[in-house]
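Novice: Input: one structure, supplied below.
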Amino acid sequence: LLSPCACRGSAATVHAQCLQEWCERKDNFKTCDLCHQRFVGPIALRLARCNFERKQGLGEDHPNRLRATNDLATALDQAGDHPVAVDLHRKNLVVYKRLYGETHSSTLTVVNNMARALANSGDHAEAARLHERCLPDLRRKHGENHPHTMTAMANLAMELSAMQQHDEAMKLHRAVWVARQRVLGDEHLETLISANNLAGALSKVGKWDETVKVYQETLAIMLRILGGEHPQTLATATNLAVVLYRMGRMSEATALQIKTLAAQQRSLGESHRTTKESAKFLQLLEETSSGRSTLEHADMRKHDPVNSSSNVHHDQLSKKHADMRKHDLVSGSCSVHRGQPSRKRQRHEFSDEVFAIMLSVGIPCSEAQDYLGRFVDD
């Protein structure tokens with residue numbers, strides 16, 4: 001049994017084969033007939049591939065075959081197979097341009113999707129160039145509030161952020177979020193995704209309090225609308241935990257990650273790779289909190305042998321934070337032995353561990369890289 005969408009109760013889980021047969025019968029492979037949300041997770045790729053194979057009997061120029069190809073390429077990209085997705089989008093784009101021209105809305109949609117796949121494969125400059133080329137045509141054809149225009153704006157904002165243009169990215173993300181609130185409402189999935197993107201952009205310009213506020217409000221709506229085990233809900237919860245960690249609010253970050261891990265264990269199983277890596281992230285949070293508490297207690301006793309005061313001065317805390325970077329967070333040890341690796345090497349190993357964990361729990365590569373420097377520096 002799997003949870004393919006936002007349905008709850010008895011409709012929350014379904015056999016993959018049963019769902020595929022139902023989608024074939026309805027000829028709808030993208031959205032649930034009950035909750036009207038897009039299918040997510042591995043089943044989304046399976047259904048897209050099924051639809052693609054069913055449409056191969058149509059002519060190369062048939063609109064349904066072209067759409068099925070676009071959907072499969074998008075699903076491959078979301079599943080992490082970015083090079084294959086880019087190649088499929090490129091081939092599909094040639095047909096769209098021949099049939100409809102460079103500025104047709106369907107052609108522009110394929111260009112945008114290919115740009116996202118390029119970005120996910122690391123080619124942010126080319127992705128930004130494609131988005132910037134499409135956006136004026138979409139605005140002219142549909143206006144600022146059309147879903148295709150807003151999607152293009154959001155995609156461009158992500159590429160600007162990846163190229164360290166964080167102020168411009170934040171402005172675009174905010175504009176998309178406001179527009180989607182006005183057009184789609186606060187509880188639409190696209191609006192919630194925009195809020196999540198805005199929060200990420202706010203964190204990169206140092207607006208931490210607003211970042212937490214947006215994440216918390218978005219997570220509350222997602223829990224109500226999508227449920228606690230939806231991939232987007234879990235991704236937002238992880239993002240919030242990372243920001244709370246960055247702000248030093250360790251107890252809040254740990255408590256949130258405990259809930260996130262429990263939801264992943266229920267929905268994915270304990271042996272799933274994402275669940276295992278999420279458990280490592282929680283272990284890192286708990287060991288960091290434990291190490292900090294142990295160091296503070298030891299330092300306070302040294303500073304005040306009779307333990308008559310619980311006050312710890314700022315300069316003492318700064319030194320303790322510096323000392324923590326010397327500890328082996330992978331093994332959980334808080335002791336420093338002679339002959340252990342150099343501080344520079346430990347710092348590098350710590351960076352690799354944190355970076356791997358952030359990627360495994362679903363944080364985009366560009367955001368993980370941005371956060372990483374801040375974690376290690378602090």
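The values are calculated or read from the model by the stated rules, or taken from the named source; none is laboratory data. From a predicted model like this one, the values you see are computed outputs, not experimental measurements. FYI the Cβ positions are ideal-geometry reconstructions off the backbone, even for glycines, and counts take in every protein chain you see. Areas reflect the complete protein model, heavy atoms only, side chains present, ligands, DNA and RNA absent. Shrake-Rupley method; radii C 1.70, N 1.55, O 1.52, S 1.80 Å.
Novice: Estimate the FRET efficiency between residue 125 and residue 10 by the formula 1/(1 + (r/R0)^6), using the beta-carbon distance for r and 51 Å for R0, to the nearest 0.05.
Specialist: About 0.55, to the nearest 0.05.
Novice: Output wanted: per-residue J couplings in Hz (rounded whole) for segment 152-167, from phi through Karplus 6.51 cos²θ - 1.76 cosθ + 1.60, θ = phi - 60°, x for Gly and Pro.
Specialist: Working through the residues one at a time gives 5, 5, 5, 5, 4, 4, 5, 6, 4, 5, 5, 9, 6, 9, 6, 5 Hz.
Novice: Please say if segment 126-273 is rounded, prolate or oblate, where rounded means a/c under 1.5 for a ≥ b ≥ c the square roots of the C-alpha gyration tensor eigenvalues, and otherwise the choice is prolate for a/b larger than b/c and oblate otherwise?
Specialist: prolate
Novice: Using θ = phi - 60° and the Karplus relation 6.51 cos²θ - 1.76 cosθ + 1.60, list the HN-Hα couplings for segment 69-80 in order, rounded to whole Hz, with x at every Gly or Pro.
Specialist: Values per residue, Gly and Pro as x: 5, 4, 5, 5, 4, 5, 5, 4, 4, 5, 7, x Hz.
Novice: Here's something else I'd like to know. How high is the FRET efficiency between residue 1 and residue 273 when r is their beta carbon distance and R₀ equals 25 Å, given to the nearest 0.05?
Specialist: Approximately 0.85, to the nearest 0.05.
Novice: Sticking with this one: Around residue 31, which amide H atoms from residues at least 5 apart in sequence, or from another chain, sit under 5 Å from its own amide H, with H modelled in the peptide plane?
Specialist: 39
Novice: Once the piece of chain linking residue 60 and residue 182 is laid out straight, how much longer is it, given 0.36 nm per residue of separation minus the C-alpha distance between them?
Specialist: Result for the pair: 40.0 nm of gain on full extension.
Novice: For segment 62-68, just list the computed ³J(HN,Hα) in residue order, Karplus coefficients 6.51, -1.76 and 1.60, θ = phi - 60°, integers in Hz, with x standing in for Gly and Pro.
Specialist: So the Karplus estimates, Gly and Pro as x, are 5, x, 5, 5, 5, 5, 5 Hz.
Novice: Ignoring ligands, DNA and RNA, what accessible area per residue does segment 191-288 give at 1.4 Å, in Å²?
Specialist: With all protein chains present, segment 191-288 gives 38 Å² per residue.
Novice: Okay, moving on. For segment 1-122, what is the accessible area per residue in Å², given a 1.4 Å probe and the full set of protein chains?
Specialist: Per residue, segment 1-122 has 51 Å² of solvent-accessible surface.
Novice: Follow-up question, since we're still on this one. Bin by bin, in steps of 10 Å, what percent of the Cα pairs in segment 1-74 do you find, going until the bin that has the longest distance?
Specialist: Histogram of Cα-Cα distances, whole percents per bin: 20, 52, 22, 5, 0.
Novice: Give me the percent of the accessible area of segment 142-212 that comes from carbon and sulfur atoms, probe 1.4 Å, all protein chains in place.
Specialist: Heavy-atom surface of segment 142-212 belonging to carbon and sulfur, 1.4 Å probe: 52 percent.
Novice: Let me ask something else. Going by Cα centres, segment 231-295 and segment 36-52 are how many Å apart?
Specialist: 28 Å
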